[in-house]
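Worksheet for the structure shown next.
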Amino acid sequence: MADLRAAAAAWPERVAAETPAGAAITYRALDALADGLAARLGAAGVGRGHRVGVVLPSSIDALAALYGTLRSGAVCVPVDPGAPPARVVSILTDCGVAALVAEATDGLAGSLAAALPARPLVLALPACGDGGGVRAAAGVTAGAHPAAAPAAADLALIQYTSGSTGRPKGVTLSHGNLTAILDWYAQAATPGPDDRFASHSPLQLSVTLFNALLPARVGAAVVLVDEAVRRSPRDLVRLVSERRVSIWMCAPSVQRLLLEHGAIDPAVHRFPRLLLSGGEVLPPRQARRLRELFPGTTLRGLYASTETSGCTLYDPLAAEPAAGAPPSVGRAAVG
(Lines give C-alpha, C1' and ligand atoms only; values in the text may rest on other atoms or scores of the structure.)
Protein backbone atom coordinates (compact mmCIF):
# COMPACT_ATOMS: atom_id res chain seq x y z
CA MET A 1 0.00 0.00 0.00
CA ALA A 2 1.08 3.55 -0.72
CA ASP A 3 0.46 4.58 2.91
CA LEU A 4 3.16 2.24 4.24
CA ARG A 5 5.65 3.25 1.55
CA ALA A 6 5.06 6.93 2.31
CA ALA A 7 5.31 6.36 6.07
CA ALA A 8 8.60 4.49 5.67
CA ALA A 9 9.98 7.42 3.64
CA ALA A 10 8.71 10.12 5.99
CA TRP A 11 9.22 8.45 9.37
CA PRO A 12 11.62 5.52 8.85
CA GLU A 13 12.59 5.13 12.51
CA ARG A 14 9.15 5.66 14.04
CA VAL A 15 7.62 2.58 15.65
CA ALA A 16 4.93 1.23 13.35
CA ALA A 17 3.72 -1.65 15.51
CA GLU A 18 4.43 -3.35 18.80
CA THR A 19 3.19 -6.40 20.68
CA PRO A 20 2.20 -6.99 24.33
CA ALA A 21 5.43 -8.99 24.71
CA GLY A 22 7.49 -5.91 23.88
CA ALA A 23 8.52 -6.65 20.29
CA ALA A 24 8.44 -3.59 18.03
CA ILE A 25 9.11 -2.76 14.39
CA THR A 26 9.86 0.54 12.66
CA TYR A 27 8.19 1.75 9.50
CA ARG A 28 11.43 1.18 7.57
CA ALA A 29 11.63 -2.44 8.72
CA LEU A 30 7.92 -3.13 8.17
CA ASP A 31 8.19 -1.71 4.66
CA ALA A 32 11.14 -4.02 3.96
CA LEU A 33 9.17 -7.05 5.18
CA ALA A 34 6.23 -6.12 2.95
CA ASP A 35 8.59 -5.75 -0.02
CA GLY A 36 10.22 -9.08 0.72
CA LEU A 37 6.94 -10.97 0.95
CA ALA A 38 5.60 -9.29 -2.20
CA ALA A 39 8.79 -10.17 -4.08
CA ARG A 40 8.63 -13.78 -2.83
CA LEU A 41 5.05 -14.12 -4.05
CA GLY A 42 5.96 -12.57 -7.39
CA ALA A 43 8.93 -14.90 -7.85
CA ALA A 44 6.54 -17.84 -7.44
CA GLY A 45 4.16 -16.44 -10.06
CA VAL A 46 1.60 -15.18 -7.53
CA GLY A 47 0.42 -11.68 -8.39
CA ARG A 48 -2.45 -9.64 -9.71
CA GLY A 49 -5.81 -11.31 -9.16
CA HIS A 50 -4.46 -14.34 -7.29
CA ARG A 51 -5.90 -15.03 -3.86
CA VAL A 52 -3.52 -15.34 -0.90
CA GLY A 53 -4.86 -16.80 2.33
CA VAL A 54 -3.33 -15.18 5.42
CA VAL A 55 -4.13 -17.40 8.40
CA LEU A 56 -2.21 -15.71 11.22
CA PRO A 57 -2.95 -14.46 14.73
CA SER A 58 -2.68 -10.74 15.43
CA SER A 59 1.06 -10.03 15.25
CA ILE A 60 3.74 -8.07 13.43
CA ASP A 61 4.05 -11.02 11.05
CA ALA A 62 0.33 -10.79 10.26
CA LEU A 63 0.57 -7.06 9.59
CA ALA A 64 3.60 -7.59 7.33
CA ALA A 65 1.78 -10.38 5.47
CA LEU A 66 -1.27 -8.16 4.95
CA TYR A 67 0.78 -5.26 3.60
CA GLY A 68 3.02 -7.56 1.52
CA THR A 69 0.09 -9.31 -0.13
CA LEU A 70 -1.59 -6.00 -0.97
CA ARG A 71 1.67 -4.67 -2.38
CA SER A 72 2.17 -7.72 -4.59
CA GLY A 73 -1.10 -7.04 -6.42
CA ALA A 74 -2.58 -10.29 -5.14
CA VAL A 75 -5.83 -10.37 -3.17
CA CYS A 76 -5.47 -10.82 0.59
CA VAL A 77 -7.91 -13.27 2.19
CA PRO A 78 -7.41 -12.88 5.96
CA VAL A 79 -8.76 -15.78 8.02
CA ASP A 80 -8.85 -16.23 11.80
CA PRO A 81 -6.62 -19.21 12.70
CA GLY A 82 -8.81 -19.70 15.77
CA ALA A 83 -11.89 -20.45 13.66
CA PRO A 84 -13.02 -24.07 13.30
CA PRO A 85 -10.70 -25.85 10.83
CA ALA A 86 -13.60 -26.80 8.57
CA ARG A 87 -14.55 -23.12 8.24
CA VAL A 88 -10.98 -22.09 7.48
CA VAL A 89 -10.70 -24.75 4.77
CA SER A 90 -14.11 -23.80 3.36
CA ILE A 91 -13.11 -20.13 3.01
CA LEU A 92 -9.74 -20.94 1.43
CA THR A 93 -11.41 -23.38 -0.96
CA ASP A 94 -14.16 -20.91 -1.87
CA CYS A 95 -11.52 -18.34 -2.82
CA GLY A 96 -9.30 -20.78 -4.68
CA VAL A 97 -6.17 -19.47 -2.94
CA ALA A 98 -2.96 -19.64 -4.96
CA ALA A 99 -0.79 -19.11 -1.87
CA LEU A 100 -1.13 -19.64 1.85
CA VAL A 101 0.68 -17.80 4.65
CA ALA A 102 0.30 -19.56 7.99
CA GLU A 103 2.31 -20.59 11.01
CA ALA A 104 4.22 -23.84 10.88
CA THR A 105 3.27 -24.53 14.51
CA ASP A 106 1.55 -27.91 14.97
CA GLY A 107 1.75 -28.41 11.21
CA LEU A 108 -1.05 -25.88 10.62
CA ALA A 109 0.25 -24.56 7.29
CA GLY A 110 0.84 -28.05 5.88
CA SER A 111 -2.45 -29.49 7.10
CA LEU A 112 -4.45 -26.62 5.65
CA ALA A 113 -2.67 -26.88 2.30
CA ALA A 114 -3.24 -30.64 2.19
CA ALA A 115 -6.98 -30.15 2.77
CA LEU A 116 -7.40 -27.83 -0.23
CA PRO A 117 -8.43 -29.15 -3.68
CA ALA A 118 -5.53 -27.35 -5.40
CA ARG A 119 -2.15 -27.30 -3.68
CA PRO A 120 -1.14 -23.65 -3.14
CA LEU A 121 2.27 -22.14 -2.58
CA VAL A 122 2.83 -22.45 1.18
CA LEU A 123 4.80 -19.94 3.22
CA ALA A 124 5.07 -21.59 6.64
CA LEU A 125 6.15 -19.07 9.27
CA PRO A 126 7.99 -19.80 12.51
CA ALA A 127 5.65 -18.80 15.33
CA CYS A 128 7.64 -15.81 16.57
CA GLY A 129 5.08 -13.12 15.69
CA ASP A 130 7.65 -10.31 15.74
CA GLY A 131 8.29 -10.14 12.00
CA GLY A 132 10.95 -12.84 11.99
CA GLY A 133 8.47 -15.34 10.59
CA VAL A 134 7.86 -13.34 7.42
CA ARG A 135 11.59 -12.59 7.15
CA ALA A 136 12.46 -16.29 7.31
CA ALA A 137 9.71 -17.48 4.97
CA ALA A 138 10.11 -14.72 2.39
CA GLY A 139 13.89 -14.57 2.38
CA VAL A 140 13.90 -10.77 2.75
CA THR A 141 16.92 -9.12 1.17
CA ALA A 142 17.87 -5.49 1.00
CA GLY A 143 16.51 -3.73 -2.06
CA ALA A 144 13.92 -6.40 -2.90
CA HIS A 145 11.06 -4.65 -4.66
CA PRO A 146 7.86 -6.13 -6.10
CA ALA A 147 6.25 -5.40 -9.44
CA ALA A 148 4.34 -2.22 -10.28
CA ALA A 149 1.78 -0.98 -7.76
CA PRO A 150 -1.76 -2.35 -8.20
CA ALA A 151 -4.42 -0.15 -9.80
CA ALA A 152 -7.34 1.33 -7.88
CA ALA A 153 -9.78 -1.07 -9.58
CA ASP A 154 -7.75 -4.17 -8.66
CA LEU A 155 -9.11 -6.32 -5.86
CA ALA A 156 -7.30 -5.84 -2.55
CA LEU A 157 -9.20 -7.83 0.07
CA ILE A 158 -11.84 -10.49 0.44
CA GLN A 159 -13.37 -10.39 3.91
CA TYR A 160 -15.76 -13.13 4.95
CA THR A 161 -18.89 -12.53 6.99
CA SER A 162 -19.42 -14.39 10.25
CA GLY A 163 -21.95 -16.75 8.72
CA SER A 164 -24.61 -15.83 11.27
CA THR A 165 -27.28 -15.97 8.56
CA GLY A 166 -25.89 -19.11 6.91
CA ARG A 167 -22.69 -19.88 5.05
CA PRO A 168 -20.01 -17.14 5.31
CA LYS A 169 -19.96 -14.87 2.27
CA GLY A 170 -16.86 -13.29 0.76
CA VAL A 171 -17.05 -9.51 0.36
CA THR A 172 -14.59 -7.90 -2.04
CA LEU A 173 -12.84 -4.55 -1.63
CA SER A 174 -10.76 -2.97 -4.36
CA HIS A 175 -7.69 -0.87 -3.65
CA GLY A 176 -9.86 2.16 -4.44
CA ASN A 177 -12.48 1.01 -1.92
CA LEU A 178 -9.80 0.53 0.71
CA THR A 179 -8.32 3.98 0.09
CA ALA A 180 -11.78 5.60 0.25
CA ILE A 181 -12.73 4.02 3.58
CA LEU A 182 -9.36 4.89 5.11
CA ASP A 183 -9.80 8.47 3.85
CA TRP A 184 -13.13 8.65 5.65
CA TYR A 185 -11.76 7.05 8.80
CA ALA A 186 -9.01 9.67 8.85
CA GLN A 187 -11.61 12.44 8.64
CA ALA A 188 -13.69 10.87 11.41
CA ALA A 189 -10.82 10.20 13.83
CA THR A 190 -8.32 12.98 12.91
CA PRO A 191 -5.30 10.94 14.07
CA GLY A 192 -1.86 12.48 14.56
CA PRO A 193 1.71 11.13 14.61
CA ASP A 194 1.75 10.86 18.42
CA ASP A 195 -1.42 8.74 18.56
CA ARG A 196 -1.29 5.09 19.50
CA PHE A 197 -3.93 2.63 18.29
CA ALA A 198 -4.85 -0.81 19.62
CA SER A 199 -5.73 -3.66 17.26
CA HIS A 200 -7.29 -6.47 19.25
CA SER A 201 -9.54 -8.11 16.66
CA PRO A 202 -8.73 -11.03 14.35
CA LEU A 203 -7.24 -9.88 11.05
CA GLN A 204 -10.31 -10.63 8.95
CA LEU A 205 -12.69 -8.22 10.71
CA SER A 206 -13.45 -4.81 9.21
CA VAL A 207 -12.43 -3.04 12.43
CA THR A 208 -8.85 -4.13 11.67
CA LEU A 209 -8.82 -1.77 8.68
CA PHE A 210 -9.21 1.10 11.13
CA ASN A 211 -6.97 0.01 13.98
CA ALA A 212 -4.15 -1.63 12.00
CA LEU A 213 -4.00 0.24 8.67
CA LEU A 214 -5.00 3.81 9.54
CA PRO A 215 -1.90 4.56 11.71
CA ALA A 216 0.39 4.55 8.64
CA ARG A 217 -1.49 7.58 7.32
CA VAL A 218 0.17 9.76 9.97
CA GLY A 219 3.13 7.76 11.24
CA ALA A 220 1.31 6.63 14.39
CA ALA A 221 1.88 3.30 16.15
CA VAL A 222 -0.43 0.32 16.66
CA VAL A 223 -0.34 -2.10 19.58
CA LEU A 224 -1.19 -5.56 18.22
CA VAL A 225 -3.07 -7.38 20.98
CA ASP A 226 -2.57 -11.13 21.13
CA GLU A 227 -5.15 -13.80 21.94
CA ALA A 228 -4.14 -14.18 25.59
CA VAL A 229 -4.64 -10.49 26.39
CA ARG A 230 -7.76 -10.28 24.23
CA ARG A 231 -9.46 -12.95 26.34
CA SER A 232 -8.71 -11.25 29.67
CA PRO A 233 -10.68 -8.03 30.36
CA ARG A 234 -8.32 -7.03 33.18
CA ASP A 235 -5.22 -7.56 31.05
CA LEU A 236 -6.80 -5.63 28.17
CA VAL A 237 -7.66 -2.67 30.44
CA ARG A 238 -4.12 -2.73 31.80
CA LEU A 239 -2.56 -2.92 28.34
CA VAL A 240 -4.61 -0.06 26.89
CA SER A 241 -3.66 2.07 29.88
CA GLU A 242 0.03 1.17 30.17
CA ARG A 243 0.70 1.38 26.43
CA ARG A 244 -0.94 4.83 26.30
CA VAL A 245 -3.44 3.87 23.60
CA SER A 246 -5.09 7.09 22.46
CA ILE A 247 -7.43 5.93 19.65
CA TRP A 248 -9.28 2.63 19.74
CA MET A 249 -12.21 1.16 17.88
CA CYS A 250 -13.86 -1.90 19.41
CA ALA A 251 -17.29 -3.47 19.66
CA PRO A 252 -19.70 -2.38 22.42
CA SER A 253 -19.72 -5.99 23.62
CA VAL A 254 -15.98 -5.70 24.28
CA GLN A 255 -16.52 -2.43 26.15
CA ARG A 256 -19.24 -4.10 28.22
CA LEU A 257 -16.85 -6.88 29.24
CA LEU A 258 -14.29 -4.28 30.29
CA LEU A 259 -16.89 -2.43 32.37
CA GLU A 260 -18.15 -5.61 34.04
CA HIS A 261 -14.95 -7.63 34.46
CA GLY A 262 -12.01 -5.31 33.76
CA ALA A 263 -11.70 -3.93 37.32
CA ILE A 264 -11.47 -0.41 35.85
CA ASP A 265 -10.14 2.18 38.28
CA PRO A 266 -10.24 5.72 36.85
CA ALA A 267 -7.64 6.77 39.42
CA VAL A 268 -5.19 4.20 38.00
CA HIS A 269 -6.18 3.49 34.42
CA ARG A 270 -6.13 5.93 31.54
CA PHE A 271 -8.43 5.43 28.59
CA PRO A 272 -8.07 6.57 24.94
CA ARG A 273 -8.78 10.17 24.06
CA LEU A 274 -11.07 8.78 21.35
CA LEU A 275 -13.05 5.57 21.83
CA LEU A 276 -15.07 4.44 18.84
CA SER A 277 -17.69 1.71 18.83
CA GLY A 278 -17.91 -0.46 15.74
CA GLY A 279 -19.83 -3.53 14.64
CA GLU A 280 -22.77 -2.99 16.97
CA VAL A 281 -24.85 -0.06 18.21
CA LEU A 282 -23.53 1.36 21.49
CA PRO A 283 -26.46 1.68 23.96
CA PRO A 284 -26.76 5.20 25.44
CA ARG A 285 -26.76 3.79 28.97
CA GLN A 286 -23.41 2.11 28.39
CA ALA A 287 -22.05 5.27 26.80
CA ARG A 288 -23.06 7.29 29.86
CA ARG A 289 -21.26 4.84 32.15
CA LEU A 290 -18.09 5.19 30.08
CA ARG A 291 -18.40 8.97 30.22
CA GLU A 292 -18.78 8.86 34.03
CA LEU A 293 -15.58 6.84 34.38
CA PHE A 294 -13.56 8.74 31.78
CA PRO A 295 -14.95 12.26 31.27
CA GLY A 296 -12.00 13.19 29.05
CA THR A 297 -12.69 10.46 26.50
CA THR A 298 -14.62 11.36 23.33
CA LEU A 299 -17.13 8.64 22.44
CA ARG A 300 -18.26 8.08 18.88
CA GLY A 301 -20.04 5.27 17.08
CA LEU A 302 -19.31 3.89 13.64
CA TYR A 303 -21.76 1.45 12.16
CA ALA A 304 -21.43 -0.71 9.07
CA SER A 305 -21.62 -4.28 7.85
CA THR A 306 -18.93 -6.37 6.20
CA GLU A 307 -20.96 -6.14 2.99
CA THR A 308 -20.30 -2.40 2.70
CA SER A 309 -17.07 -0.39 2.61
CA GLY A 310 -18.78 2.64 4.10
CA CYS A 311 -20.38 3.32 7.46
CA THR A 312 -22.23 5.87 9.54
CA LEU A 313 -21.02 8.14 12.35
CA TYR A 314 -23.12 8.95 15.41
CA ASP A 315 -22.97 10.32 18.94
CA PRO A 316 -23.84 7.53 21.41
CA LEU A 317 -24.58 10.12 24.12
CA ALA A 318 -27.44 11.62 22.13
CA ALA A 319 -30.92 11.38 23.61
CA GLU A 320 -32.32 7.87 23.85
CA PRO A 321 -34.95 7.03 21.21
CA ALA A 322 -38.61 6.98 22.10
CA ALA A 323 -40.02 3.72 23.41
CA GLY A 324 -40.16 1.16 20.62
CA ALA A 325 -38.09 3.26 18.22
CA PRO A 326 -34.77 1.90 16.94
CA PRO A 327 -31.59 3.72 18.00
CA SER A 328 -30.06 6.12 15.51
CA VAL A 329 -26.83 5.10 13.82
CA GLY A 330 -26.14 8.58 12.48
CA ARG A 331 -25.40 9.84 9.00
CA ALA A 332 -23.92 7.79 6.19
CA ALA A 333 -20.41 8.41 4.94
CA VAL A 334 -20.37 10.13 1.57
CA GLY A 335 -17.60 9.84 -1.00
**OP:** Would you compute, from DSSP H runs of 4+ residues alone, the mean residue ellipticity of the chain at 222 nm, taking -39500 (n - 2.57) per run and dividing by the full residue count, rounded to the nearest 500?
**Re:** -10000 deg cm²/dmol
Original post:
What ³J(HN,Hα) values, in whole Hz, does the Karplus curve 6.51 cos²θ - 1.76 cosθ + 1.60 give for the range 5-20 when θ = phi - 60°, with x put for Gly and Pro?
Top reply: 4, 5, 5, 5, 6, 7, 9, x, 9, 5, 6, 8, 8, 9, 10, x
**OP:** Using only Cα atoms, locate the centre of the range 1-76 and the centre of the range 224-248, then give the distance between them in Å, rounded to an integer.
**Re:** 23 Å
Subject >> Label-point separation, residue 161 to residue 87 (7 Å along Cα→Cβ), nm >> reply: 1.4 nm
**OP:** Quick one: check the C-alpha center-to-center distance for the range 256-305 versus the range 176-208, whole angstrom.
**Re:** 18 Å
**OP:** Report the FRET efficiency, 1/(1 + (r/R0)^6), for residue 322 and residue 260, where r is their Cβ-Cβ distance and R0 is 35 Å, rounded to 0.05.
**Re:** 0.80
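About its Cα centre, what dipole magnitude does the range 38-120 give when the only charges are +1 on Lys and Arg Cβ and -1 on Asp and Glu Cβ, stated in debye to the nearest 20?
Working: 6 positive and 5 negative charges, 70 e Å.
The calculated dipole for the range 38-120 is roughly 340 debye.
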Original post:
For the chain, what is the relative contact order in percent, using Cα pairs closer than 8 Å and at least 6 residues apart in sequence?
Top reply: 15 percent
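Give me the percent of accessible area attributable to carbon and sulfur for the chain, probe 1.4 angstrom. Write down the numbers at each step before the final one.
On the way: 7610 of 14120 Å².
Ligands and nucleic acids excluded, carbon and sulfur give 54 percent.
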Original post:
Just going by the charge dipole of the chain, with Lys and Arg at +1 and Asp and Glu at -1 on Cβ, which of 322, 246, 59 is farthest out on the positive end?
Top reply: 322
**OP:** Answer with one residue from 218, 190, 296: the one whose Cα lies farthest towards the positive end of the charge dipole of the range 185-304, charges on Cβ with Lys, Arg +1 and Asp, Glu -1.
**Re:** 296
Subject >> Net charge of neighbours whose Cβ lies under 12 Å from the Cβ of residue 260, counting Lys and Arg as +1 and Asp and Glu as -1 >> reply: +3
Original post:
What does the accessible area per residue of the chain come to in Å², with a 1.4 Å probe and no ligands, DNA or RNA counted?
Top reply: 42 Å²
Subject >> Tensor-based shape of the range 1-110 (alpha-carbon gyration tensor, a/c under 1.5 rounded, otherwise prolate or oblate) >> reply: oblate
Subject >> R0 of 45 Å, Cβ-Cβ distance residue 235-residue 48: FRET efficiency to nearest 0.05 >> reply: 0.60
Subject >> Among beta bridges that DSSP assigns inside the range 69-225, antiparallel share in %, nearest 5 >> reply: 35 percent
Original post:
Put a dot 7 Å past each Cα toward the Cβ at residue 148 and residue 115; how far apart are the dots in nm?
Top reply: 3.9 nm
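Dipole size in debye (nearest 20) for the range 186-335 around its Cα centre, Lys and Arg Cβ +1, Asp and Glu Cβ -1? Provide the component values of the computation, followed by the final result.
Details: 17 positive and 13 negative charges, 49 e Å.
Using Cβ point charges on Lys, Arg, Asp and Glu, the range 186-335 gives about 240 debye.
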**OP:** Quick one: dipole size for the range 80-145, taken about the Cα centre, charges +1 on Lys/Arg Cβ and -1 on Asp/Glu Cβ, in debye to the nearest 20.
**Re:** 160 debye
Subject >> Dipole of the chain, positive direction: furthest Cα of 125, 279, 109, with charges on the beta-carbon >> reply: 279
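Quick one: net charge around residue 81, please, counting Lys, Arg +1 and Asp, Glu -1 for every other residue with C-beta under 10 Å from its C-beta.
Around residue 81, the charge tally is -3.
How much net charge surrounds residue 12 when only the other residues with a Cβ under 15 Å from the Cβ of residue 12 are counted, with Lys and Arg +1 and Asp and Glu -1? It would help to have the intermediate numbers written out before the result.
Working: positive: 5, 14, 28; negative: 3, 13, 31, 35.
In short, -1.
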**OP:** Taking the convex hull of the Cα atoms, report for the chain its projected area averaged over all directions, in nm².
**Re:** 16.6 nm²
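The values are calculated or read from the model by the stated rules, or taken from the named source; none is laboratory data. These figures come from a predicted structure and were not determined experimentally. Backbone-built Cβ (ideal geometry, glycine too); neighbour counts: all protein chains shown. For accessibility, only protein heavy atoms count, side chains too; no ligands or nucleic acids. Shrake-Rupley method; radii C 1.70, N 1.55, O 1.52, S 1.80 Å.
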